[in-house]
Amino acid sequence: MLELPPLVDHHCHGVLRGDLGIGSFEAFLSESDAPAAPGTSFFDTQTGFAVRRWCPPLLGLDPHAPPARYLARRRELGAYEAGRRLLGDTGIGMFLVDTGLPGDLTGPEELARTAGGRSREIVRLEHLAERVADTSGGAASFVTDLAQALHGAARTAAGFKSVAAYRYGLGLAPEPPTAPEVLRAAGQWLTGRRPAGRLTHPVLLRHLLWSAVTTGLPLQLHTGFGDPDLRLDRADPLLLTDFVKATAGRGCDLVLLHGYPYHRGAGYLAAVFPHVYADMGLALTHTGARARDVLAEMLELTPFGKLLFSTDGYGLPELYVVGTRLFRTALGELLGAWVREGAWSRADARRVAGLIAAGNARRVYDL
């Protein structure tokens, strides 16, 4: 397997602390929010097969152990010990953790400590705004409190993330809204908002994006594949083209997460705009044995200094294992083939592998 430096997982989430039954476990193997079809299982997916290929040996079982046997062994060890064994095998040295998801999940420090690494937080913009709305009064106080919360978060965060693709779509007007527009939109949203209601107003989503841009920290943007809460046709990264142009020269790097099945478009944007970077996380995890082909497509146009590794691990430590093993295997096979063909030198292959695995993320996030 390819020799790499300690990985920087620049986009991930916490893992669950408790033990899981087979139904709750397999729900994390799919982006679906519904059970598998009657008589079927989400273990019968590329992700499920990858879990069974890479994870059982870390818990003392043979590769491809049946799901029931694997989960029984997991329960024998307990969630903490199983997580320690699984996360400790990933070779991840730095976790950049999006803390905007609900549930009994490990925080950044606990996740990193279990894996023997370090961590920084990525602040999810919409989640931050919703927390502010829960405690603010009217529209004016919300706008003021939000500005203060963003400023405070920027002091310690490694970057920000937006899920505007879920809340409205990426076809937002590219320019920053005016102060009166923001105030009016805040009033409209707060007036009709239920307790803990989600932020979906397009003007406020634009305001969040531009507020993050002004901090100078990297801004992660969900693009492409996701759960059914998403309209996939509204998550094509090419819809961001005008926003990308508008943010050029503002001192903020844009990191396009996932991309799949529009990952070639993300690679194009990274190729032609200096402040745009592409990510591979969710794409590799869910394409499994086809990860090499997807990674090859990402490397067609994406400059080698513009592609970042991540797992998008969430809920299950197994997804960190799958993300890292698929990445190492796919990258090793690709670069090895190109070296044997004479297309690449061995020295260049090693150098590029180090950039994608860690170097690019260290530069973008100033780690």
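Can you pull out every residue in region 166-222 that is among the charged types (D, E, K, R), outside any helix (DSSP H, G or I) and within 23 Å of the chain's Cα centre (by Cα)?
Residue satisfying the conditions is 198 alone.
Does region 205-219 contain any residue that is touching a Gly at 6+ places or on another chain (Cβ under 9 Å) and of a type in the set (Phe, Trp, Tyr)?
No.
Can you work out which of the residues in region 239-261 that are β-branched (Val, Ile, Thr) and either surrounded by fewer than 21 Cβ atoms within 10 Å (Cβ to Cβ) or free of Cβ contacts under 8 Å to residues at least 40 places away in the same chain (or both) is farthest from residue 210 (Cα to Cα)?
So, considering only residues that are β-branched (Val, Ile, Thr) and either surrounded by fewer than 21 Cβ atoms within 10 Å (Cβ to Cβ) or free of Cβ contacts under 8 Å to residues at least 40 places away in the same chain (or both), the one farthest from residue 210 (Cα to Cα) is 241.
For region 79-125, name all the residues that are within 19 Å of residue 152 (Cβ to Cβ), touching a residue at least 40 places away in the same chain (Cβ under 8 Å) and over 15 Å from the mean Cα position of the chain (by Cα).
107
So which of 154, 186, 112 ends up being closer than 28 Å to residue 60 by Cβ, hydrophobic (A, V, I, L, M, F, W, C), surrounded by 14 or more Cβ atoms within 10 Å (Cβ to Cβ) and modelled with pLDDT of 95 or more?
112
Hey, can you tell me all the residues within region 278-293 that are closer than 11 Å to residue 327 by Cβ and assigned to a helix (DSSP H, G or I)?
Across region 278-293, the qualifying residues are 281, 283, 284, 285, 291, 292.
Among the listed residues 63, 5, identify the single one that is farther than 30 Å from residue 359 by Cα and in a loop (DSSP other than H, G, I, E, B).
None of the others qualify; the one that does is 63.
Filter region 18-48 for residues that are β-branched (Val, Ile, Thr) and under 25 Å from residue 111 (Cα atoms) and give the result.
Answer for region 18-48, where residues must be β-branched (Val, Ile, Thr) and under 25 Å from residue 111 (Cα atoms): 22, 47.
Is it the case that region 66-73 has a residue that's modelled with pLDDT of 95 or more, in a loop (DSSP other than H, G, I, E, B) and loosely packed, with under 14 Cβ neighbours inside 10 Å?
Yes.
Do you know which residues across region 104-141 are of a type in the set (Gly, Ala, Ser), touching a Phe, Trp or Tyr at 6+ places or on another chain (Cβ under 9 Å) and either part of a helix (DSSP H, G or I) or on the phi > 0 side of the Ramachandran plot (or both)?
The answer is 112, 115, 129, 133, 139.
The values are calculated or read from the model by the stated rules, or taken from the named source; none is laboratory data. Note that this is a predicted model, so its numbers are computed, not measured. Cβ sites come from the backbone with ideal geometry, for glycine too, and all protein chains shown count toward neighbours.
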